[in-house]
1. If I ask for residues that are polar (S, T, N, Q) and part of a helix (DSSP H, G or I), which ones from the range B:19-54 would you list?
2. Condition first: in contact with a Ser or Thr (Cβ under 9 Å, 6 or more places away or on another chain), surrounded by fewer than 18 Cβ atoms within 10 Å (Cβ to Cβ) and of a type outside the set (A, V, I, L, M, F, W, C). Now tell me which residues in the range A:291-314 satisfy that.
3. Taking the stated definitions as given, is A:I161 touching a residue at least 24 places away in the same chain (Cβ under 8 Å), within 12 Å of chain B (Cβ to nearest Cβ) and among the hydrophobic types (A, V, I, L, M, F, W, C)?
4. Only one of A:S266, A:S285, A:S251, A:S244 is free of Cβ contacts under 8 Å to residues at least 12 places away in the same chain and among the small types (G, A, S); which?
5. Go over the candidates A:K299, A:K268 one by one and state the one that is touching a helix residue (DSSP H, G or I) at 6+ places or on another chain (Cβ under 8 Å) and either over 17 Å from A:Y200 (Cα atoms) or not assigned by TED's automatic domain parsing to the domain that holds A:Y200 (or both).
6. Give me the pairs, please: first residue somewhere in the range B:7-21 and closer than 13 Å to B:F110 by Cα and at pLDDT below 95, second residue anywhere and polar (S, T, N, Q) and crowded, with 22+ Cβ neighbours inside 10 Å, beta-carbon distance under 8 Å, and either six or more positions apart or on two chains.
7. Given the residues B:V16, B:V9, which is the only one that is under 23 Å from B:L144 (Cβ atoms), more than 9 Å from chain A (Cβ to nearest Cβ) and either basic (K, R) or part of a helix (DSSP H, G or I) (or both)?
8. Restricting attention to the range B:137-195, which residues are closer than 19 Å to B:L225 by Cβ, under 17 Å from the mean Cα position of the chain (by Cα) and not in a helix (DSSP H, G or I)?
Amino acid sequence: MAYALEVSALSRAFTGKQTVVALENVDLKVKEGELFGLLGPNGAGKTTLIKILSTLLLPTSGTAKVLGYDVDGEASKIRPLINMVSGGETSGYGLLTVRENLWMFSQFYGVPGSVARERIDGLLKAFGLEDKANAKVRTISTGQRQRMNIIRGFVTDPKLIFLDEPTLGLDVTTSRTIREYIRDWVRARDDRTLLLTTHYMREAEELCDRVAIIDRGTILACGPPAELKRRMNHASTFVMDTTSFDPAPLSAVRGVKGVSADEIESGKRVRLVLEDESAISDVISAVVSRGGRIVSLNKVEATLEDAFIEMVGRGLG
Amino acid sequence: MPLNLRAAVGRAYPRVIGALREPSWTFFDVLLPLLGIAAYIYYYRALGAASSFEGFVVLGGAMTAFWLNVLWGMASQFYWEKEIGNLQLFLVSPMSRMALLAGMALGGMFSAGVRALSTLFLGLIIFDVHMTVEEPLFLAAVFLVTLIAIYGMGMMFASLFMLYGRDAWNISNLLQEPIYLVSGFYFPVRALGPWVSAAASIIPITLGLDAMRQLLFGEQALGLLPVATELVILCVLAVAFLVLARYALRYMERLGRKEGRLTLRWQ
């Protein structure tokens, strides 16, 4: 089995006034042809890992191979084979049109003019951006710009592409278009690999063959989403809507493995992963003692998000 | 077409298009500098200086476009590219870094050339300045080598400033005005004395301007060195800056990868 990515005992620290360890002893293997997800909260080390794999950053220790080449000594062999796109990036030049920007970036990879034009036309169509092809980049919306960025990543026909939060802040329709394209792109050929980081658990669950959960620079778990969810079999997941209260202390309640909370109209929606169901009575007492009132309480089937909460102890964000 | 040639053309493209697509530059880059030129010309006229001095001013004013482009479009360019997220995309791509710089330089030469020609043309018309081109090939050679040398210097600065944010911007600011003085943009540099002139000659625009003045205004130009000697020195400077740029870029990219300074923290 050929590996697109082989990461072994990889660490990266940033030295300054304080030393920050962004990655610590990371081991990871991604097979060629895989759509692989990297899940983790802000500051978990996802972007640092992508920067190392895309040859923008050197590891402090350990090794990383991309498509068989070492990121330290063989960066020039890796670069023709990869591309990367980050969510919310503002690359390109505002005075150029969308088409001109895409052509310019294709030239940095030596794509012949006629091939570039053909690919750009096809991708503009696939992403519903044909009507903006001749619009100056500074005049298009954020969502259109993000679609242009994603096209930029695919226009060079890479063997491996890194997508760092590609659907961040995009509307539902645009996100769906991007997800569909990503899935089809990987499936179209055996030798295409895609590494995706995302904040959206459903996106990872829907798209990825395997995901790795990363927190504080360490890989906590790695496997297909279904397998990660199966690891939750011994735990129970509850969703509780309450009036407003501070849910943070709930994680200290005995039997609670993880808590995440979102704001909703009536107050909070709290997602709880419990070691066993009996802990729910202590949770209810804790909510009430902190001034909260429970509006509804449901036991639900575990999702990838619950697996994440169980491992990390909190939700994304 | 090989990868690096495509890359250089691709990177030059926004600058060429920018010069043609954004007419607002005519006001800021041609009409405003003409006011500065006018001030020097009327100053020389009030002093009763030889008419060739007015020619020095128009020539210096035109060449200012290239100098400003070298400072702000080359030396500080990677600072802006890093800010908007382009630098990381350039560095992830397989193109040679020298091709990237060459593209920036070629595009810059075109856009600054359009500005310089406009300034020269308007300066000659408005102030009725006369120049005599007796050796056009020699003049073209001096001009071309001067451009290669100053853009080579810009490429070297771009490499050195790649990792430095606002510091690069400040250094460009620092270099802008003093060079007008020590390089003799508006007067024969010999007036500054042999030591200052010799020191200023490390900046190619000094010898380039001096040689062009001699070729356009003859003995009135009060040249620093014979034109042929200046051309040879300019050739040496051009090669030296290009070689230094190549090594500086390789070193700074490696250092940037090691220290994590090729991208901003939030990128």
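The values are calculated or read from the model by the stated rules, or taken from the named source; none is laboratory data. Because the structure is a prediction, the values reported are computed rather than measured. Note that each Cβ is placed from the backbone with ideal geometry, even for glycine, and that neighbours are counted across all protein chains shown.
1. B:T26, B:S51, B:S52
2. A:G291, A:R293, A:S296, A:K299, A:E301, A:G313, A:R314
3. In short, yes.
4. It is A:S285.
5. A:K299
6. Listed by first residue and then by second, the contacts come to B:R15/B:S111; B:V16/B:S111; B:G18/B:S111; B:A19/B:S111.
7. After applying the criteria, what remains is B:V16.
8. Hits for the range B:137-195 are B:S183, B:G184, B:F185.
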